[in-house]
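*Asks:* Mind having a look at this structure? Questions to follow.
The values are calculated or read from the model by the stated rules, or taken from the named source; none is laboratory data. As the structure is a computational prediction, the values presented were derived from the model and not from experiment. Note: ideal-geometry Cβ built from the backbone for every residue, glycine included; neighbour counts use all protein chains shown.
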Amino acid sequence: MNNGKAVVLIVEDSIIIRMGAVDLVKSAGYEALEASDADGAISILEQRDDIDLVFTDVQMPGTMDGIKLSHFIRNRWPPVKLIVASANTILEESSLPDGSKFLPKPYDEHTIIEAMASMLEPEAPPEAAK
């Protein structure tokens, strides 16, 4: 986390959708970073070590789609949480890396905020044995 705020990287090729997602992430109290494709996202992930969650679209131009990107991220940066969204693809969560969440588009803003919050909330430490 950066300055106590979780950092969310949004990967979306549509500028309008990406701008809306950035606003949503910021309004939820998180820091928002953005990339228009998988290559841009990987470049940002290589430069920063404070990204907590990647929120990616499935269909986008470039060397890989959001599904391949999510697997790449899980293999290279295992602690990063993943939310994958798509309007055209109905995914089984089993086709995504463990711990990932799929959201169909158009998505409800409250659903996204709740998904991010549940994935980003710190785990409570186990209670000390008494």
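*Asks:* For residue 109, state whether it is out of contact with any helix residue (DSSP H, G or I) (no Cβ under 7 Å at 6 or more places or on another chain), at pLDDT below 95 and surrounded by fewer than 17 Cβ atoms within 10 Å (Cβ to Cβ).
*Replies:* In short, no.
*Asks:* Restricting to segment 31-54, and then to whatever is assigned to a helix (DSSP H, G or I) and of a type in the set (Asp, Glu), can you tell me which residue is surrounded by the most Cβ atoms within 10 Å (Cβ to Cβ)?
*Replies:* That would be 39.
*Asks:* Let me ask another. Identify the residue in segment 1-30 that is acidic (Asp, Glu) and surrounded by fewer than 18 Cβ atoms within 10 Å (Cβ to Cβ) and, among all such residues, is nearest to residue 69 (Cα to Cα).
*Replies:* 13
*Asks:* Of all residues in segment 77-104, how many are modelled with pLDDT of 80 or more and among the charged types (D, E, K, R)?
*Replies:* Qualifying residue count for the region: 3.
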